[in-house]
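Right, one structure below, let's go through it.
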Amino acid sequence: MHIVNNAITPKDQQLAIFSTPLLSVIVTLDGNARFLSQCLQSVIAQSFTDYEIIVVGPDALNRSTNVISSLNIHQSYVIKNCGAGEARARNTGIAHARGELVAFINAGDVWTTDKLDKHVFHLTANPSLGVSYSESECISYCDFSKAYRKYRPETAGKLENILCENAIGNASGVVMRREVLKDLQEISCGAQGVEQVYFDEQLNYTDDIHFWMRVTTASDWGIEGLNEVLTWRRVQVELVSKELVQHFEHWEQLVKHCQSLDPIVVNEVGSLAIAYRCVELAQYYASQLAEEHTVKALLNRAYQLDRRILNKTFGGKSIDKVMGIICRRQLGQVNESPDERRGLSRAA
C-alpha cells in the first residue's frame, strides 16, 4: 500500500485489512531530510521484514518522494505532511500507524540491520515490557568516524534515571507496544480539530524524554534496554554550537512539565538533570570542536547548578581534573578505571 498524498483509496483500505504489518516504522523529518536516503536504506535492510514505513514532517511529500522512488522499497509506505517539530511528526505518524508495535527513527539516524529483530524478540519474550530500547552511539553529521559517546542501557524504572541520565536516550533507539501509546494518549482541540496526542508538542527536543517519564510514572508498563549498539544517532552540530542557551531553556521547560508527574522527585533532581546536560555538552565540545574554554565553562556551570554532579559522574574529582580526563579521553591518551568510564558514559 503506497500512499503519497492525504487520501486513502477504497482499494488501499481493502489491502490494509489483509496486510496489516506487525510493526510500524515512523520516520520523522526535522531538518535532516538530506540524510533520508541513508536512513531508509538502514530500514529496508532490516532482517525483520513485517513492517510498514511512515515518513512524516514539514513538506514531507516534496522532501522525500524522490528519495523513496529511487529506493527498492517492497514494504508498504505512507508519506504525510505535518507541522514543525518531532513531537508533531511522531503524533501524526502514530495516527496513521497500523502495527501492534511502533518504532521511531529520525531521518538523520541509522539502524544496524538486526535492530528490529532483536527488539521484537525482546518484547515478545517479555509480555509486561512496553518499551524496548537499545544503546546508541552518536556520530557527527559528516561521517561515522567521530562517535563521541554511548548511552548505557539499564532498567529505566526510575524517573531520576530518565530525567538526569537520559537512560533511554533518543527516540530512534526505541521500539514500543502500541498499547503503551493508547494508555497514555490525550485529547487536544486545536487548529487541526480534535486529535489524539501522545508526545507533548509544547516541548522542543525533550518531548521523548517527557514521554518515557510518563510511561514510568503513569503506567504499569516496563522499560528495558538491550546492552548493545543498535542505533547510530547523528548529532545536530549547528544546534549544539549555535544554540547553547536554547538547550538549557528546553531542559528547564522539561523540568517544569515534569512537576505534575512526580513533584517530589523533580524538586530533588531537577537542577541535577540540567547539570548532567552541561556535562554532556562539555563532552561534545571536547570530542567534536576541541574548544577547551567552552568545556571548562560548561563544567563550571554544571557545578554551580548542582554540586552533586561531580560525585555523581566523576567520583568527586575537581573540575580541572575532570576536564583533563575528558579532553585526553578524546585523544586516546588516558587509561580510565571502570568507574571513570561509567561516569563519562552515564553523564550523557
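A few notes on this one:
- Calculated from backbone phi, Karplus (6.51, -1.76, 1.60) coupling profile of segment 172-187 in Hz, x at Gly/Pro: 5, x, 10, 10, 9, 6, 4, 4, 4, 5, 4, 5, 10, 5, 10, 9
- Debye equation applied to the C-alpha atoms of segment 85-132, log10 I(q)/I(0) at 0.16, 0.21, 0.28, 0.33 Å⁻¹: -0.57, -0.91, -1.13, -1.17
- Our coupling estimate for segment 97-110, obtained by passing each phi through the Karplus curve with A = 6.51, B = -1.76, C = 1.60 and θ = phi - 60°, is 6, 10, x, 6, 10, 10, 10, 10, 8, 6, 4, x, 9, 9 Hz, Gly and Pro reported as x.
- Accessible area, probe 1.4 Å, largest first, for residues LYS321, LYS296: LYS321, LYS296
- Taking all protein chains as they are arranged and a probe of 1.4 Å, the heavy atoms of TRP221 leave approximately 60 Å² accessible to solvent.
- Backbone geometry of segment 112-127 corresponds, through the Karplus equation with coefficients 6.51, -1.76 and 1.60 at θ = phi - 60°, to 3J(HN,Hα) couplings of 6, 5, 9, 4, 4, 3, 6, 6, 4, 4, 4, 6, 5, 7, 10, x Hz, x marking Gly and Pro.
- Cross-link table LYS158/LYS256; LYS256/LYS312; LYS80/LYS115; LYS158/LYS312, entries beyond 21 Å C-alpha to C-alpha: LYS256/LYS312; LYS80/LYS115
- Segment 38-107 - convex hull of alpha carbons, volume per residue in Å³: 85 Å³
The values are calculated or read from the model by the stated rules, or taken from the named source; none is laboratory data. The model shown is predicted, which means the values in this text are computed figures rather than measured ones. Please note that ligands, DNA and RNA were not included when accessible areas were found on the heavy atoms of the full protein model with its side chains. Shrake-Rupley method; radii C 1.70, N 1.55, O 1.52, S 1.80 Å.
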